[in-house]
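Step one of this worksheet: look at the structure below.
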Amino acid sequence: MDEDAFGQLVGPLRGELHAHCYRMLGSDHDAEDAVQETLLRAWNAVDRFEERGGVRPWLYKIATNRCLTLIERRGRQALPVGDAVSEALPEYRMDWTASLDPSERVVALESVELAFVASLQQLSPLQREVLLLRDVLAFAAREVAELLDTTVAAVNSALQRARQVVGNESTQQEVLATLGEDGQREVARRYMAAWEARDVDAIVAMLTDDAKYSMPPLPELFIGRDGIRGFLLDGPLHDEWRFVPARANGQLAFATYRWVDGRFEPCGLDVVTLRGSEIASVVSFLEADFAAYGLPSELSR
């Protein structure tokens with residue numbers, strides 16, 4: 001098989017492989033590295049590829065093993081939501097879902113939402129992988145056992161424990177669908193207006209009682225209206241801001257720009273988790289690559 005033929009074989013699966021690695025690792029950059037390594041290893045082993053098994057399970061096995069190796073190297077850490085996910089996932093990474101039917105696309109988007117990806121990081125590597133392969137990718141228990149070189153009984157046991165940890169809360173896809181386009185725009189308008197007016201009361205009024213605010217890679221986590229109010233008054237609201245609507249992880253997001261030296265400079269990408277029309281979580285990724293989201297490198301007044 002030549003390189004062109006190999007590219008045609010694996011190319012259509014690259015997007016979903018990236019999403020799979022992102023769920024496993026919680027990092028867009030690490031996921032891209034894992035995919036690159038997966039394709040390189042697949043190319044080096046292409047002469048041993050047996051078509052009867054199918055290219056998709058073959059690639060997922062290579063990608064899974066690569067992710068498990070990376071997880072083992074960096075070690076498991078029990079971190080709060082937000083800190084367990086080091087990077088947001090740009091919308092273009094999910095372009096591959098356009099060919100899916102509507103129900104499949106919803107499942108794909110739900111599987112990269114921040115709360116779900118963060119909860120995955122609390123699982124053991126085996127539980128994490130079994131949950132993804134069974135519940136997200138719909139592999140049969142027997143197929144998962146073969147991919148992971150374990151038994152069906154071990155797969156079923158790991159799946160049961162993983163489901164107990166992850167739970168079954170409403171997804172952002174459900175919340176956004178209930179709000180509708182008009183409702184989403186109104187939430188975005190109110191939030192941007194409150195920040196740009198530096199109106200702490202308006203910002204806090206949009207939060208749930210147990211809202212969380214985090215800023216990866218910083219370790220700080222602010223919880224509840226009073227905690228977030230104090231943080232905003234102590235620091236961010238001393239500055240002038242502009243917000244630009246965006247999308248990340250299938251969720252509502254905002255690119256934030258702070259006034260510095262005569263221009264608005266990129267500060268962070270705020271990914272918002274909604275509960276109804278209220279904000280239950282803001283994860284502000286301070287090292288987000290704005291160019292990857294098609295966002296300007298600066299704004300003027």
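Tally up the residues in the range 279-301 that are touching a helix residue (DSSP H, G or I) at 6+ places or on another chain (Cβ under 9 Å) and surrounded by fewer than 15 Cβ atoms within 10 Å (Cβ to Cβ), please.
So the count comes out to 3.
Starting from the range 117-140, keep only residues that are free of Cβ contacts under 8 Å to residues at least 60 places away in the same chain and assigned by TED's automatic domain parsing to the domain that holds LEU89, then list their pairs with residues that are assigned to a helix (DSSP H, G or I) and of a type in the set (Gly, Ala, Ser) whose Cβ atoms are within a distance under 6 Å, requiring at least 6 positions of separation or different chains.
LEU123/ALA162; LEU126/ALA158; GLN127/ALA158; GLN127/ALA162; VAL130/ALA158; LEU131/ALA162
Is it true that VAL10 is over 30 Å from LEU252 (Cβ atoms) and either buried (at least 18 other Cβ atoms within 10 Å of the Cβ) or modelled with pLDDT under 95 (or both)?
Numbers: over 30 Å from LEU252 (Cβ atoms): yes; either buried (at least 18 other Cβ atoms within 10 Å of the Cβ) or modelled with pLDDT under 95 (or both): yes.
Taking the combined requirement at face value, the residue satisfies it.
Considering every residue within the range 240-249, establish whether at least one is buried (at least 17 other Cβ atoms within 10 Å of the Cβ), modelled with pLDDT of 95 or more and either in the same structural domain as ALA84 (by TED's automatic domain parsing) or of a type in the set (Val, Ile, Thr) (or both).
Yes: the range 240-249 contains one or more residues that are buried (at least 17 other Cβ atoms within 10 Å of the Cβ), modelled with pLDDT of 95 or more and either in the same structural domain as ALA84 (by TED's automatic domain parsing) or of a type in the set (Val, Ile, Thr) (or both).
Of all residues in the range 153-172, count the ones that are more than 16 Å from SER119 (Cβ to Cβ) and either at pLDDT below 95 or surrounded by 13 or more Cβ atoms within 10 Å (Cβ to Cβ) (or both). Even if it seems obvious, please write down each step before you answer.
Of the range 153-172, the ones more than 16 Å from SER119 (Cβ to Cβ) are 153-157.
Filter once more, keeping what is either at pLDDT below 95 or surrounded by 13 or more Cβ atoms within 10 Å (Cβ to Cβ) (or both): 154-157.
Adding up the residues that qualify gives 4.
Filter the range 120-156 for residues that are of a type in the set (S, T, N, Q) and part of a helix (DSSP H, G or I); which is farthest from ALA84 (Cα to Cα)? Before you say what the answer is, go through the steps one by one.
Taking the range 120-156 as the starting set, the residues that turn out to be of a type in the set (S, T, N, Q) are 121-122, 124, 127, 150-151, 156.
Then drop every residue that is not part of a helix (DSSP H, G or I), which leaves 127, 156.
Working: GLN127: 16, ASN156: 25 Å.
Filtering the range 120-156 for residues that are of a type in the set (S, T, N, Q) and part of a helix (DSSP H, G or I), the one farthest from ALA84 (Cα to Cα) comes out as ASN156.
Per-residue answers, yes or no, for (1) among the small types (Gly, Ala, Ser); (2) in a helix (DSSP H, G or I):
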site: ALA158; (1), (2): yes, yes
site: ALA177; (1), (2): yes, yes
site: ALA188; (1), (2): yes, yes
site: ASP201; (1), (2): no, yes
site: ASP209; (1), (2): no, no
site: LEU237; (1), (2): no, yes
site: ARG242; (1), (2): no, no
site: PHE264; (1), (2): no, no
site: CYS267; (1), (2): no, no
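For the range 187-204, give me each residue that is under 24 Å from the mean Cα position of the chain (by Cα) and either surrounded by fewer than 14 Cβ atoms within 10 Å (Cβ to Cβ) or not assigned by TED's automatic domain parsing to the domain that holds PHE231 (or both).
Across the range 187-204, the qualifying residue is only ARG189.
Is it the case that THR69 is surrounded by fewer than 16 Cβ atoms within 10 Å (Cβ to Cβ) and either over 17 Å from GLN8 (Cβ atoms) or of a type outside the set (A, V, I, L, M, F, W, C) (or both)?
So THR69 fits the description; yes.
Can we say SER111 is loosely packed, with under 12 Cβ neighbours inside 10 Å and under 24 Å from the mean Cα position of the chain (by Cα)? It would help to see each step written out before you state the result.
Working: loosely packed, with under 12 Cβ neighbours inside 10 Å: no; under 24 Å from the mean Cα position of the chain (by Cα): yes.
No.
The values are calculated or read from the model by the stated rules, or taken from the named source; none is laboratory data. Please read all numbers here as calculations on a predicted model, not as lab measurements. Quick reminder, even Gly has a Cβ in these numbers, built from the backbone with ideal geometry, and neighbours come from all protein chains shown.
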